[in-house]
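Everything below concerns the one structure shown next.
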There are 2 protein chains.
Amino acid sequence: MADPTGLQLRSLIKKSGELEISLKRIAIPEPGADEVVVRVEGTPINPSDLGLLTGPADPASFKSTGSGDDVVVTAKVPEAALAGLAARLDESMPVGNEGAGVVIKAGSSAAAQALNGKMVAMIGGAMYAQYRVLKVAECLPLPDGATAADGASCFVNPLTSLGMTETMRREGHKALVHTAAASNLGQMLNRICLKDGIGLVNIVRSAEQAKILRDIGAKHVVDSTAPSFMNDLTAALVETGATIAFDAIGGGKLAGQILNAMEAAINKTASTYSRYGSNVHKQVYIYGGLDVRPTELSRGFGMAWGIGGWLLFPFLQKVGPETGHKLRQRVVAELKTTFASHYTKVVSLQEALQLDNLAAYNKRATGEKFLINPNK
Amino acid sequence: MADPTGLQLRSLIKKSGELEISLKRIAIPEPGADEVVVRVEGTPINPSDLGLLTGPADPASFKSTGSGDDVVVTAKVPEAALAGLAARLDESMPVGNEGAGVVIKAGSSAAAQALNGKMVAMIGGAMYAQYRVLKVAECLPLPDGATAADGASCFVNPLTSLGMTETMRREGHKALVHTAAASNLGQMLNRICLKDGIGLVNIVRSAEQAKILRDIGAKHVVDSTAPSFMNDLTAALVETGATIAFDAIGGGKLAGQILNAMEAAINKTASTYSRYGSNVHKQVYIYGGLDVRPTELSRGFGMAWGIGGWLLFPFLQKVGPETGHKLRQRVVAELKTTFASHYTKVVSLQEALQLDNLAAYNKRATGEKFLINPNK
């Protein structure tokens, strides 16, 4: 490595309520015995990254100053949101959950040396950077011929979608519902469910999104903007028997509509009336917040129900390392099929800070997915 | 028994959307070997009974025709609510979860004969009636000197409040929050928590309700109508460490406010920022619906959270008969202390159908509690 420094993207929210995104040149430390230095060549912008990168900043307030490596993007964070951010205020934070790249330097251990020159996928944060030093255990060696783009999204979406079907089974459900279902993650979940023979009800927000899913073989696709939405959803729930949902939207009425449709589907076969509703437990897990408005539940679904947050890392902790290893091995084995990701645009670190790009990925629009190549 | 018939209250919702409450004269069957006939002398009107008695009928539409035993009350059920009632439409339903009275006839078994002439508490529905035939196992013999009023509310409120502290322990929490906390149930829960040394945050909706609780020794009372509500609640949560709540309100913003205050309380001691919020699980169980509006959650409480329905009978099934027996024995032992109920009015079956009484108990107002004495 001729230059022992590299650029790293930073997000800072000041106590004054100003968000500041910038690039810092940082030194690349020598790797420890069990560590490697990776030249990051692909790192996706997932909704989970935007929580840290732009947070609750007002999208209308983004401004840019400076240019090249010295570009600084600023925006305003509404005062009401600052209380919830207390622990990160005035602290400059690196961003980027996962990525992939080439090992350009390895520590002295045999395990580290074995990775030298290899393309690896990585998890562990601070991936929006030209170089990343990390432990061998945080790397997943990719098969020969895999590119950084192939491996950049190896963890979050693949393990999240596998985590959904795993959670479904562990909690005693036989089929599931997914919202924002035409997303990269949603398409992955469809491929998993088709392969594993699991009933999946896909909820989308437009006819175009419905077509994306039908074109990849999805059996149950329901458009929440159609006037017949509740009837369509109930019919799909009767057919699949789905009583658990994973919801990326979070805000608005959708989570409650899903519970109400589940209850209606269950009651179509009920023989006796209970004023407390059916005794079949109906569950919605909110794993994203594409709609930041409040969640509104019109409680017509009896008393056997639950809503809660769902996150990949607590899930992996709960299922333990053996199951986690099994899931990761499946991802590598099906990297170019079940778990293939598609990107609409590849940008450099500097380009990621251009206001037009920022506005595009910050919208979290289905079908739009950015990949950063910090060494582009 | 000179007259082998008795009056029974019935609630009927017709497919046309009309609610009809009336009194029917029904024959009292001979008790089986393991059964007894009880002359019902006290049966409370709990919120859980109103779900079946008046359901979602429009309170402004109640009308009365006829008089005496032939009185009929009618009201309109909004069309939107009919779908959820499909299984009870056009079926005349008896009402009343629990009650107490004197065994006036007993089956041939020794267990039944042992109850003859005794005052018993009962669970099993259809208690808004002059006589009730039921199995010995559904009766709980009351201590000598206990009146029907003492024993009428022996099951629902006592076991529900004990179920709350039991659930708190089983799910790993150390203190709890309760809403509509000045209710009969809330006062009971306070007595349990004071006796058992459990931290309890009481949320009430007026200064008068706060006084009721302070007068019985409640330590943490927070008024949701006060401008300082969120600060007061957060402070009480910091003091108690409560991370589970039981909410009788259901609708509006309260459940979400509780989760947000729990998260703020937890974060007061957090040392590092996580964009997903604290990793401490925060839970709200909705066990009532005093506010029938949608539940509105402003999700500022991270991802480690859950909301769900909570009901006594599924809880008792989950914990099993041994725990259930232990809880019931505690209720009998502390019937006139911890588990004492107070009634604002005692009415006959006919009086329960008078529009002024109906309007009063149908309001589900805290502090107002009706007891029906069908043999008044």
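A viscosity of 1.306 mPa s and a temperature of 10 °C, combined with the Kirkwood radius over C-alpha pairs in the Stokes-Einstein formula, give the protein assembly as shown a diffusion coefficient of 55 µm²/s.
You can think of it this way: the chain between A:Ala226 and A:Ala114 has 34.9 nm of extra reach, that is 0.36 nm per residue less the Cα-Cα gap. In this assembly of identical copies, the label point of B:Glu79 (Cα plus 7 Å along Cα-to-Cβ) is separated from its counterparts by 4.7 nm, sorted shortest first.
The amide H of B:Val177, built 1.01 Å from its N in the peptide plane, has B:Val201, B:Ile244, B:Ala245, B:Phe246 as neighbours under 5 Å, considering only residues 5 or more places off or on other chains. When the listed pairs A:Lys174/A:Lys345; B:Lys76/B:Lys363; B:Lys135/B:Lys318 are checked against a 25 Å cut-off, the alpha-carbon distance exceeds it for A:Lys174/A:Lys345. Dividing the summed -39500 (n - 2.57) terms of all DSSP H runs of n ≥ 4 by the residue count of chain A sets its mean residue ellipticity at 222 nm at -9000 deg cm²/dmol. Where both bridge residues fall in the protein assembly as shown, DSSP classifies roughly 65% of the beta bridges as antiparallel. A:Val221 sits among other residues whose Cβ lies under 11 Å from its own Cβ, and their net charge, with Lys and Arg +1 and Asp and Glu -1, is 0.
Taken one residue at a time, the phi angles of the range B:291-303 give Karplus couplings (6.51, -1.76, 1.60, θ = phi - 60°) of 10, 7, 5, x, 7, 10, 9, 8, 7, x, 10, x, 10 Hz. Gly and Pro are set to x.
The trypsin sites (Lys or Arg not before Pro) of the range B:166-212 that DSSP puts in a loop, and whose beta carbon has at most 13 other beta carbons within 10 Å, are B:Lys174. When the protein assembly as shown is described by a simple charge dipole with +1 on each Lys and Arg Cβ and -1 on each Asp and Glu Cβ, the residue from A:Val332, A:Met303, B:Ser108 located farthest towards its positive end is B:Ser108. Loop-located GluC sites (Glu not before Pro) across the range A:95-193 with a Cβ neighbour count of 14 or fewer within 10 Å are A:Glu171, with loop assigned by DSSP. The distance linking the range B:333-370 with the range A:176-234 is 50 Å (Cα centroid to Cα centroid, whole angstrom). Annotation note: trypsin sites (Lys or Arg not before Pro) in the range A:11-93 located in DSSP loop regions with a Cβ neighbour count of at most 12 within 10 Å are A:Lys15. Taking Cα centre as origin and charging only the Cβ of basic (Lys, Arg, +1) and acidic (Asp, Glu, -1) residues, the dipole magnitude of the range A:76-215 rounds to 240 debye. Between A:Arg299 and B:Thr295, the built amide H atoms are under 5 Å apart, and every one of these is 5 or more places off in sequence or on another chain. Of all aspartates and glutamates in the structure, those lying under 15 Å Cα to Cα from B:Lys326, and not within fewer than 8 positions of it along the same chain, are B:Glu166, B:Glu334. For the range B:4-131, the mean projected area of the C-alpha convex hull, equal to one quarter of the hull surface, is 8.5 nm². With contacts taken as Cα pairs under 8 Å and at least 6 residues apart, the range A:156-314 reaches a relative contact order of 21 percent. If both residues of a DSSP beta bridge must be in chain B, then about 60% of such bridges are antiparallel. Around the Cα centre of the range B:111-181, unit charges on the Cβ atoms of Lys, Arg, Asp and Glu (plus for the first two, minus for the last two) sum to a dipole of about 140 debye. Net charge in the neighbourhood of A:Lys14 (other residues with Cβ under 15 Å of its Cβ; Lys, Arg +1, Asp, Glu -1) is -1. Normalising the average separation of contacting C-alpha pairs (under 8 angstrom, six or more residues apart) by the number of residues puts the relative contact order of chain A at 18 percent. For B:Thr337 and B:Thr65, a Förster radius of 45 Å and the Cβ-Cβ distance give a FRET efficiency of 0.50, rounded to the nearest 0.05. Taking amide H positions as modeled 1.01 Å from N, with prolines and chain starts lacking one, the residues under 5 Å from B:Trp305 and 5 or more places away or on another chain are A:Gly309, B:Lys282.
Rounded to the nearest angstrom and listed largest first, the equivalent-ellipsoid semi-axes of chain B from its Cα gyration tensor are 38, 25, 18. Couplings 3J(HN,Hα) of the range A:31-46, computed from phi: x, x, 4, 9, 10, 9, 9, 10, 7, 6, 10, x, 8, x, 9, 8 Hz, in residue order, whole Hz [Karplus 6.51 cos²θ - 1.76 cosθ + 1.60, θ = phi - 60°; x for Gly and Pro].
Could you work out how far the C-alpha centroid of the range B:247-314 sits from that of the range A:48-121, in angstrom? For the range B:247-314 versus the range A:48-121, the Cα centre distance is 30 Å. Listed by chain and number, the aspartates and glutamates whose alpha-carbon sits under 15 Å from that of B:Lys15, ignoring those within fewer than 8 places in the same chain, are B:Glu79, B:Asp90, B:Glu91. Applying D = kT/(6 pi eta Rh) to the range B:156-314, where Rh is the Kirkwood radius over alpha-carbon pairs, T corresponds to 37 °C and eta to 0.692 mPa s, the Stokes-Einstein value obtained is 212 µm²/s. For B:Ala207, the label point sits 7 Å beyond Cα toward Cβ; its separations from the matching points on the remaining copies run 6.1 nm, from shortest to longest. For A:Asp90, the distances from its label point to the matching points in the remaining copies are 7.2 nm, ordered from shortest, with each point set 7 Å beyond Cα toward Cβ.
Rule-based calculations on the coordinates, nothing more; no lab input. Everything numeric in this text was worked out from a predicted model, so none of it was measured. For neighbour counting, all protein chains shown are included, and Cβ atoms are generated from backbone atoms with ideal geometry for every residue, glycine included.
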